[in-house]
Amino acid sequence: PALRLIQAQPGIRAGFFSGMSRWPGSQGGRFGAITRLSEAKMYAYVSVPSDYVWRRWWLHNQPVMIVSLVFLALFGFTAYRITLRERCHRGELIDQSRRDALTGLPNRAAAEEAMQVCIKLSKSMQRPFTILFLDIDRFKDVNDSLGHVVGDQLLIEITKLIQSVLRSDDMLARLGGDEFLIVLPTSGPEMTLQVTQRLLQVFQKTLTVGAHTLRVTPSIGIALFPEHGEDVGTLLQHADTAMYEAKREGRNAYSFYAEQMGERVRQRVQLEHELREAIRLDEFHMLYQPVIELGSGRIVGAEALVRWTKPNGEVVLPNDFIGVAEDSGLILQLGEWVLRHVSSQIKRWSAGGLNVWVAINISPRQFQDPELVAKVETALREFDLPRGALELEITETAAMVDPEASMRIMGSLKALGLRIAIDDFGTGYSSLAYLKRIPADKIKIDKSFIDGLNIDADDNAIVHTILALAKELELKGWGYPKHL
């Protein structure tokens with residue numbers, strides 16, 4: 001090969017060649033170089049086997065190659081693990097974004113996606129489906145009185161309670177706070193009604209949360225597809241409206257959406273705004289209904305009645321605004337205003353020689369206010385009221401939300417020298433075991449029993465039994481109708 005290179009290029013000074021060698025002992029491909037000697041008319045050459053170069057190259061670069069391959073292997077493995085972990089983490093984040101952290105239920109976003117699927121299936125199959133908007137009545141009272149830890153545990157127990165009623169195809173979601181959404185696929189009004197009634201029935205059970213025994217009730221709003229809406233937003237809005245209608249009807253109830261409900265909700269929102277302004281502008285005043293001792297005919301006490309007079313002279317009765325105040329939380333401000341005005345009035349009457357006690361109605365939310373005892377103590381101290389001058393009327397239902405806590409609160413109020421009356425007696429869920437421990441001075445038999453006296457034999461028997469029980473427990477039984 002070297003000779004052929006020289007023959008092909010006469011006068012070449014230097015070059016490279018490769019090819020097969022015929023020399024004995026040098027069979028095979030070789031690679032070499034030639035150069036012309038400057039002091040003689042001849043060429044010198046050197047050649048090596050072709051694989052010699054590659055062997056030398058491999059021996060020289062082997063460590064680098066091995067290190068590079070190991071690095072690539074480690075890099076590839078690390079990249080694979082990071083990618084796998086990233087996929088898992090992304091899946092966890094997506095799942096968390098669709099789940100409620102407390103209960104593990106689907107959240108609003110997941111519920112809306114499920115409703116979108118139900119809408120598509122219902123349209124294609126020409127079958128209805130239903131959503132139930134469920135809100136826990138007076139749940140804020142539990143948070144305010146027992147703390148958010150107990151409230152969270154109660155929500156978990158409520159979740160289990162609801163799930164025990166639903167079918168495997170039904171979906172339960174938590175929208176936030178104490179609001180739940182139930183989606184009933186391919187369910188018409190009849191099946192929806194059955195599920196709703198089972199829900200109301202199962203909520204009759206008491207729930208044990210730590211050291212507390214609680215009983216809560218739901219208000220349920222129902223919206224049907226497509227009668228009450230053909231998109232997610234409309235269905236949710238109408239179910240929410242129906243839920244507020246159930247609350248307006250007395251709670252622990254359900255309501256199907258109807259067109260006229262929307263106007264009532266707008267009126268309620270407007271009334272809440274006006275009520276907030278009325279508290280700010282001090283548009284309330286007090287009336288006092290005397291309590292007369294039948295034996296002597298003298299006035300022994302009075303019941304405080306709050307009235308709202310608008311700037312245009314319109315008088316709004318408590319039946320029309322107390323429920324809104326209770327739901328919105330404004331009842332706490334209004335209740336404190338009433339407490340101070342009544343305390344001031346007792347002070348003025350006492351200075352004029354009229355020594356009577358005055359009763360104030362305490363709403364369920366006020367009774368669950370953790371600052372109730374402190375507020376009452378402040379009013380008593382500020383107006384220097386004598387013991388027994390102030391009476392607090394607490395409904396039986398409010399007292400039985402958490403009986404043990406109620407005993408402690410009423411005990412603290414009694415220690416301040418207040419009189420305690422149990423209002424609407426006979427309509428709650430108190431047992432004899434709790435009744436004998438209630439530190440009350442008086443029970444007021446509910447109006448529904450009094451209205452039936454001398455008309456309904458059952459009402460006669462109930463009233464006589466309550467009076468006999470009160471006598472044995474050394475309580476005063478008051479059986480007059482409750483006036484607002």
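The values are calculated or read from the model by the stated rules, or taken from the named source; none is laboratory data. Here the structure is a predicted model, which is why all the values come from computation and not from measurement. Glycine gets a Cβ as well: all are built from the backbone with ideal geometry, and neighbour counts include every protein chain shown. SASA here: full protein model, heavy atoms, side chains in, ligands and nucleic acids out. Shrake-Rupley method; radii C 1.70, N 1.55, O 1.52, S 1.80 Å.
See the values below:
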item: Any pair with Cβ under 8 angstrom, 6 or more apart, that starts in the stretch 170-198 at a residue that is among the basic types (Lys, Arg) and ends at one that is in a strand (DSSP E or B) and buried (at least 20 other Cβ atoms within 10 Å of the Cβ); result: Arg174/Pro106; Arg174/Phe180; Arg174/Leu181
item: Qualifying residue in the stretch 60-73 (condition: assigned to a helix (DSSP H, G or I), open to solvent by less than 80 Å² (accessible area, probe 1.4 Å), small (Gly, Ala, Ser) and in contact (Cβ under 8 Å) with a residue 60 or more places away in the chain); result: no
item: Any hit, the stretch 308-326, residues being crowded, with 18+ Cβ neighbours inside 10 Å, closer than 27 Å to Leu418 by Cα and in contact with a Lys or Arg (Cβ under 8 Å, 6 or more places away or on another chain); result: yes
item: Single match in Leu154, Leu184, Leu207 (criterion: crowded, with 21+ Cβ neighbours inside 10 Å and either among the charged types (D, E, K, R) or over 23 Å from Ala223 (Cα atoms) (or both)); result: Leu154
item: Test: Leu166 is open to solvent by 10 Å² or more (accessible area, probe 1.4 Å), outside any strand (DSSP E or B), farther than 27 Å from Gln368 by Cβ and touching a residue at least 24 places away in the same chain (Cβ under 8 Å); result: yes
item: Leading residue by the ranking (modelled with the lowest pLDDT) among those in the stretch 343-390 that are in a loop (DSSP other than H, G, I, E, B), open to solvent by less than 30 Å² (accessible area, probe 1.4 Å) and in contact with a helix residue (DSSP H, G or I) (Cβ under 8 Å, 6 or more places away or on another chain); result: Gln368
item: Restricting the stretch 398-409 to residues that are part of a helix (DSSP H, G or I) and over 13 Å from Gln366 (Cα atoms), the residue that is most open to solvent (accessible area, probe 1.4 Å); result: Arg408
item: Of all residues in the stretch 270-295 being in a strand (DSSP E or B) and among the β-branched types (Val, Ile, Thr), the one that is least open to solvent (accessible area, probe 1.4 Å); result: Val291
item: Selection count, the stretch 1-48, where residues are in a strand (DSSP E or B) and either out of contact with any strand residue (DSSP E or B) (no Cβ under 8 Å at 6 or more places or on another chain) or at pLDDT 80 or above (or both); result: 19
item: Members of the stretch 137-151 that are among the aliphatic types (A, V, I, L, M) and buried (at least 21 other Cβ atoms within 10 Å of the Cβ); result: Val142, Leu146
item: Single unsatisfied condition, His285 versus (1) of a type outside the set (A, V, I, L, M); (2) more than 20 Å from Ser187 (Cβ to Cβ); (3) modelled with pLDDT under 90; result: (3)
item: Filter result for Ser363 (of a type in the set (Ser, Thr, Tyr) and under 18 Å from Leu418 (Cα atoms)); result: yes
item: Any hit, the stretch 250-258, residues being part of a helix (DSSP H, G or I), more than 24 Å from Phe225 (Cβ to Cβ) and open to solvent by 50 Å² or more (accessible area, probe 1.4 Å); result: no
item: Verdict on Val216 being open to solvent by less than 60 Å² (accessible area, probe 1.4 Å), aliphatic (A, V, I, L, M) and part of a loop (DSSP other than H, G, I, E, B); result: yes
